[in-house]
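Right, one structure below, let's go through it.
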Amino acid sequence: MNFLVISDIHGSSQSLKKVLLNFEGKYDYVICCGDYLNHGPRNPLPEGWNPKETADLLNDIKEKLICVRGNCDSEVDEMVLEFPCLQSYTNVFLGKCRIFVTHGHLFTKEKLESILPEKTLVVSGHTHISLIEKSEKLNFFNPGSISLPKCSNGKTCGLLKYSENSGNLSIQLYTLDGTLIEEKTL
């Protein structure tokens, strides 16, 4: 089972179109780590900013979405989004693998290490900085931002590939055009 992981769209239909087109057929579900339509008060308007078109693109794949609320998301967004997206976190269980999905602004690393079982994969966005990291207890993956990157990798997204046969979970970080940047296997 494969999951496309995106975060911090901020209304950029141009970036969302690109990632959905370039990864078409490579995922079963899409994990969205929040910040769907609004660019937020600290960000410039992203290239291709079109919240209405962004909502339409997301609504077209609503059956495949696993979503959480970002700090720029609000109840008014659900007036145009046809899927639930206002929970602060969700869990995905794949065999013995637990994936805790959140935006990244509500839980500190220390808090997560105190409340989550060992070896949990924490998937979050918020910082716009891509990251694959292991602490003593948990694994962390931030796919970066598809619209407003704040790291040298530029606009990025990820794939989580779960093998039922081996029970392994592969974390892959990509540019939006599909170039692999980094990969780790849990």
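Which of the residues belonging to the range 85-105 are open to solvent by less than 70 Å² (accessible area, probe 1.4 Å), touching a Ser or Thr at 6+ places or on another chain (Cβ under 9 Å), part of a strand (DSSP E or B) and over 18 Å from LYS137 (Cα atoms)?
Passing the criteria: only THR90.
Of the residues that make up the range 23-31, is at least one among the small types (Gly, Ala, Ser) and over 12 Å from the mean Cα position of the chain (by Cα)?
Scanning the range 23-31, I find at least one residue that is among the small types (Gly, Ala, Ser) and over 12 Å from the mean Cα position of the chain (by Cα), so the answer is yes.
Take PHE83 and tell me if it is over 19 Å from SER130 (Cα atoms) and not charged (D, E, K, R).
yes
Looking at (1) part of a loop (DSSP other than H, G, I, E, B); (2) in contact with a strand residue (DSSP E or B) (Cβ under 7 Å, 6 or more places away or on another chain); (3) surrounded by fewer than 18 Cβ atoms within 10 Å (Cβ to Cβ), which is the only condition GLU82 fails?
It is condition (2) that GLU82 fails.
Please pick out the residue among LYS111, LYS96, LYS119 that is free of Cβ contacts under 8 Å to residues at least 12 places away in the same chain and basic (Lys, Arg).
Step by step, each of LYS111, LYS96, LYS119 is checked, and only LYS111 is free of Cβ contacts under 8 Å to residues at least 12 places away in the same chain and basic (Lys, Arg).
Looking only at the range 17-60, filter to residues that are open to solvent by 60 Å² or more (accessible area, probe 1.4 Å) and in a strand (DSSP E or B); which one of those is farthest from GLY104 (Cα to Cα)?
TRP49
Taking the conditions exactly as written (in a loop (DSSP other than H, G, I, E, B), open to solvent by 70 Å² or more (accessible area, probe 1.4 Å) and modelled with pLDDT of 95 or more), does GLU63 satisfy them or not?
In short, no.
The values are calculated or read from the model by the stated rules, or taken from the named source; none is laboratory data. Everything numeric in this text was worked out from a predicted model, so none of it was measured. Backbone-built Cβ (ideal geometry, glycine too); neighbour counts: all protein chains shown. Remember, those area values only see protein heavy atoms, side chains included, never the ligands or the DNA or RNA. Shrake-Rupley method; radii C 1.70, N 1.55, O 1.52, S 1.80 Å.
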